[in-house]
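Presented below is the structure to which this report refers.
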Ligand code: 1CP
């Protein structure tokens, strides 16, 4: 049987204390991250520098003793590997060349052409697999096709994913071709991460909540199912975590339908409800609201303990409901870890 706590929880075991890691655990709230990023030059140079990317991946493990390390990279490296331009505007966020009509698709590369561009990421995974403490699980990841498509279509983050919805309605053939291309590229990318040493993979569908009804089934459920089916055909025992953020009622049955071993729940999901409706299908990850990492105090301790106790009758990985923010205080992270581990 697997010794690592995260692998045990993902295999369905109810543990006396849930294992813990944190979305965006390597990031700007840590002074040591900012120092290494400065050494690399900028964020993208850091992503493509295997030694430094491995270093920042390990920083939160050394500081907090988390049970999992998540590869330091970004979901937008896949569009870049497919041929999109990608840059980060300081203080604003990512910018990409856009896909808004059939001709834009013709400028993109085929899915199996991504590996040369992404080779440094696989090298980061390899370094991590060789250097992580034996009790720490290595998580690889990718963005889910819908979420990646929203950035490729709009060329940036959008509050309502308007441009992506417009393309879905206005030119469904181009939209479907883009989703298919990203799906194929994601399968190839995650298989390469697993070959390099990733033990678990996570699919981030950060904007799944803006897909309603049939669109959710077609563009969140179906691509995720296709990816997980392809991964498990080659690696039947590979655990997969799916994060259909803000999916609401659509969380019900998501793991069963897609084949995911675990669903990550956002902070809007009531833990009591999730324990009743979701945990019977497998492991739950989540779901402390990230603002507690900024505000701290007794509320942080009480909320942490409430979540741990609510999920204590089934398999659970403690995490935030979304990424930790740059204004978070590392002392609050320490307090959270202590509250989980008792
Ligand atoms: O200035 C900096 O140093 C860049 C900030 C930053 C970081 C630390 C970005 C830009 N990406 C990352 C790393 C990152 N991104 C990881 C690494 C591992 C870890 O968690 O420690 C992961 C897993 C991601 C995933 C990611 N990138 C998502 C999905 C998860 C989520 O937060 O919803 C998304 C949507 C992105 C896109 C992205 N990259 C960066 C930003 C600021 C954004 C959001 C852009 C937007 O919508 O406006």
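The values are calculated or read from the model by the stated rules, or taken from the named source; none is laboratory data. Given the structure is predicted, the values throughout are model-derived calculations rather than measurements. Glycine gets a Cβ as well: all are built from the backbone with ideal geometry, and neighbour counts include every protein chain shown.
Worth a mention:
- Single match in 148, 201 (criterion: buried (at least 22 other Cβ atoms within 10 Å of the Cβ) and closer than 17 Å to residue 234 by Cβ): 201
- When restricted to residues that are in contact with a helix residue (DSSP H, G or I) (Cβ under 6 Å, 6 or more places away or on another chain) and closer than 18 Å to residue 123 by Cα, segment 60-70 contains 1.
- In segment 206-217, the residues that are more than 16 Å from residue 259 (Cα to Cα) and in a helix (DSSP H, G or I): 208, 209, 210, 213, 214, 215, 216
- Hits in segment 88-128 - residues which are in contact with a strand residue (DSSP E or B) (Cβ under 7 Å, 6 or more places away or on another chain) and loosely packed, with under 15 Cβ neighbours inside 10 Å: 88, 89
- Test: residue 203 is within 16 Å of the ligand (Cβ to nearest atom), assigned to a strand (DSSP E or B), more than 23 Å from residue 15 (Cα to Cα) and in contact with a helix residue (DSSP H, G or I) (Cβ under 9 Å, 6 or more places away or on another chain): yes
- Restricting segment 16-30 to residues that are touching a residue at least 40 places away in the same chain (Cβ under 8 Å) and more than 8 Å from the ligand (Cβ to nearest atom) leaves a set whose member that is surrounded by the most Cβ atoms within 10 Å (Cβ to Cβ) is 19.
- Count of residues meeting criterion [under 16 Å from residue 50 (Cβ atoms), in contact with a helix residue (DSSP H, G or I) (Cβ under 8 Å, 6 or more places away or on another chain) and in contact (Cβ under 8 Å) with a residue 60 or more places away in the chain] in segment 117-159: 15
- Any hit, segment 64-72, residues being on the phi < 0 side of the Ramachandran plot, part of a helix (DSSP H, G or I), modelled with pLDDT of 95 or more and surrounded by fewer than 20 Cβ atoms within 10 Å (Cβ to Cβ): yes
- The residues of segment 232-265 that are assigned to a helix (DSSP H, G or I), closer than 28 Å to residue 288 by Cβ and in contact with a strand residue (DSSP E or B) (Cβ under 9 Å, 6 or more places away or on another chain), listed by number, are 250, 251, 254, 255, 258.
- Flag if residue 333 is within 16 Å of the ligand (Cβ to nearest atom), free of Cβ contacts under 8 Å to residues at least 40 places away in the same chain and either within 30 Å of residue 93 (Cα to Cα) or surrounded by fewer than 18 Cβ atoms within 10 Å (Cβ to Cβ) (or both): no
- Screening residue 276 against (1) within 25 Å of residue 5 (Cβ to Cβ); (2) free of Cβ contacts under 8 Å to residues at least 40 places away in the same chain; (3) part of a helix (DSSP H, G or I); (4) in contact with a helix residue (DSSP H, G or I) (Cβ under 6 Å, 6 or more places away or on another chain) leaves a single unmet condition, (4).
- Qualifying residue in segment 299-316 (condition: part of a loop (DSSP other than H, G, I, E, B) and within 16 Å of the ligand (Cβ to nearest atom)): no
- Some residue of segment 42-63 being away from the ligand (no atom under 15 Å from the Cβ), in a loop (DSSP other than H, G, I, E, B) and more than 20 Å from residue 141 (Cα to Cα): no
- Filtered by the rule that a residue be part of a helix (DSSP H, G or I) and surrounded by fewer than 15 Cβ atoms within 10 Å (Cβ to Cβ), segment 31-41 gives 31, 34, 35, 38, 39.
- Residue, farthest from the ligand (Cβ to nearest atom), within segment 154-180, restricted to residues that are farther than 30 Å from residue 69 by Cβ and in contact with a strand residue (DSSP E or B) (Cβ under 9 Å, 6 or more places away or on another chain): 155
- Any hit, segment 143-151, residues being within 10 Å of the ligand (Cβ to nearest atom), in a strand (DSSP E or B) and at pLDDT 95 or above: yes
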